[in-house]
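Structure first, then comments.
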Amino acid sequence: MDSTDRIERRARVRYEATRVRRALIGFAPVLLVVAIAGLVAKRPSATVAFGIAMFSVGVVLLWYGRDLKRAVLPGVVAGLVPLVLVLCANQVDHVCLGDNCMMVCIPACTVGGIVAGLAVASVGVRHRSGPSFWFAVSAVALLTGAMGCASVGYAGIAGLALGFGAGLVPGLVRQFLADRPA
Amino acid sequence: MDTNQDATLDALVARLADGDRSAFTPVFQILWPPILRLCMSMLKHEADAADAAQQAMEKIFARASDYDRARPAMPWALAIAAWECRTIARKRHRRREASKDTAADPSFDGAEDELVQRDLTRAALEALGQLSESDRETLVATFWDEAASVSGATLRKRRERALDRLRGAFRRLYGLD
């Protein structure tokens, strides 16, 4: 029946609109983290750009729901490790030469990335999650961490990504071995 | 509706709350006939019932993400539909009062108005019953404007908290703000 289809369409629009609103409201506190990081970081524009990207990805994941929704919180928490580490390292009195700050900041990005990768992997293995969860949680964690590492430059982001990948490997191997048929 | 279908609906609405869009159409198809029937039986007017059922469906799906898995889905959905019917009945009654033409339509009379009023009172009392003794006392004292044994600021704060909890209980029971 036409009118029933129309009612169903309208109900579907309301359902999606409510989910978008809930996702925006639910993830809004993260904007406070972005604002604080923007205030503390040496390159606020890059930090805020990554923050906006992280917020957008988080809202989309929360709106979509299911497994992806469950990736948001662990992703943000894991990403806070490199973010806080790098923002603290920025405040340490040392010499940073342009985009290459090999002494404190890049190691902080890499170590933060490793810790974040290990944390994400432990959550993924514990929940025996599928690839979509792994991608979503990694994206959120990397974008959160990149808010801090962006102030070090491309080298910082590369250090974060490498560290994160290295931290993720043991968990992925464990998951692969557990899923392999006996 | 049998127990099996109830369980199916509960599971489908829970999936919808989690974001599984494939549950949307089945939930709609299960809910639409009983909700339309309920609206027809409450409003006894085809156009008003169709309006109420449509608005109820929109509200049900708007609130689907808040669905509490511990509660059965059908009574939850019917409570929302019943609320829409009451709202439409109240509007209709006000319209009639404004036009002073209440006697012309046999489908709506004082008895129906009384029924709506009684339903609302019962709903409010049920929500009030969910509160603690002290919250109830605070709200009753507010209603009767009784002087309490506490200072004005403290009473105001207690009243605000009690009203918040009453709203919460109402929302839990009927899924409504």
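The values are calculated or read from the model by the stated rules, or taken from the named source; none is laboratory data. What you are looking at is a predicted structure, and each value in this text was computed from that prediction instead of being measured. Note that we place each Cβ from the backbone using ideal geometry, even for glycine, and neighbour counts take in every protein chain shown.
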Tally up the residues in the range A:1-30 that are of a type in the set (A, V, I, L, M, F, W, C), in contact (Cβ under 8 Å) with a residue 40 or more places away in the chain and either within 23 Å of B:Pro34 (Cβ to Cβ) or surrounded by fewer than 19 Cβ atoms within 10 Å (Cβ to Cβ) (or both), please.
2
Just wondering, is there one or more residues in the range A:69-82 that are within 14 Å of another protein chain (Cβ to nearest Cβ), surrounded by fewer than 21 Cβ atoms within 10 Å (Cβ to Cβ) and not in a loop (DSSP other than H, G, I, E, B)?
yes
Could you list, in sequence order, the residues of the range A:157-180 that are loosely packed, with under 15 Cβ neighbours inside 10 Å and in a helix (DSSP H, G or I)?
A:Ala166, A:Val169, A:Pro170, A:Val173, A:Arg174, A:Phe176, A:Leu177, A:Ala178, A:Asp179
Top-ranked residue in the range A:124-156 [being crowded, with 22+ Cβ neighbours inside 10 Å and β-branched (Val, Ile, Thr); ranked as farthest from A:Lys69 (Cα to Cα)]:
A:Val152
Qualifying positions in the range A:1-21 - facing chain B (nearest Cβ under 7 Å), out of contact with any Ser or Thr (no Cβ under 6 Å at 6 or more places or on another chain) and charged (D, E, K, R)
A:Glu8, A:Arg10, A:Arg12, A:Arg14
Expected output for the range A:31-50 (first residue among the aliphatic types (A, V, I, L, M), partner surrounded by 15 or more Cβ atoms within 10 Å (Cβ to Cβ) and outside any helix (DSSP H, G or I), Cβ below 8 Å, 6+ apart or cross-chain) is A:Ala41/A:Ala150; A:Ala41/A:Ser151; A:Ala46/A:Ala150; A:Ala46/A:Ser151; A:Ala49/A:Ala150
Residue satisfying all of: in the range B:110-148; assigned to a loop (DSSP other than H, G, I, E, B) and loosely packed, with under 14 Cβ neighbours inside 10 Å; modelled with the lowest pLDDT among these
B:Ala147
Given (1) within 10 Å of chain B (Cβ to nearest Cβ); (2) surrounded by 19 or more Cβ atoms within 10 Å (Cβ to Cβ), number of the condition A:Gly58 does not satisfy:
(1)
Looking at the structure I just gave you, is A:Ala46 in a helix (DSSP H, G or I), modelled with pLDDT under 95 and in contact with a Cys (Cβ under 8 Å, 6 or more places away or on another chain)?
no
Surrounded by 17 or more Cβ atoms within 10 Å (Cβ to Cβ) and in contact (Cβ under 8 Å) with a residue 40 or more places away in the chain: does that describe B:Ala56?
no
So for the range A:16-30 (the condition being under 17 Å from A:Leu87 (Cα atoms) and either of a type in the set (A, V, I, L, M) or under 18 Å from the mean Cα position of the chain (by Cα) (or both)), does at least one residue qualify?
yes
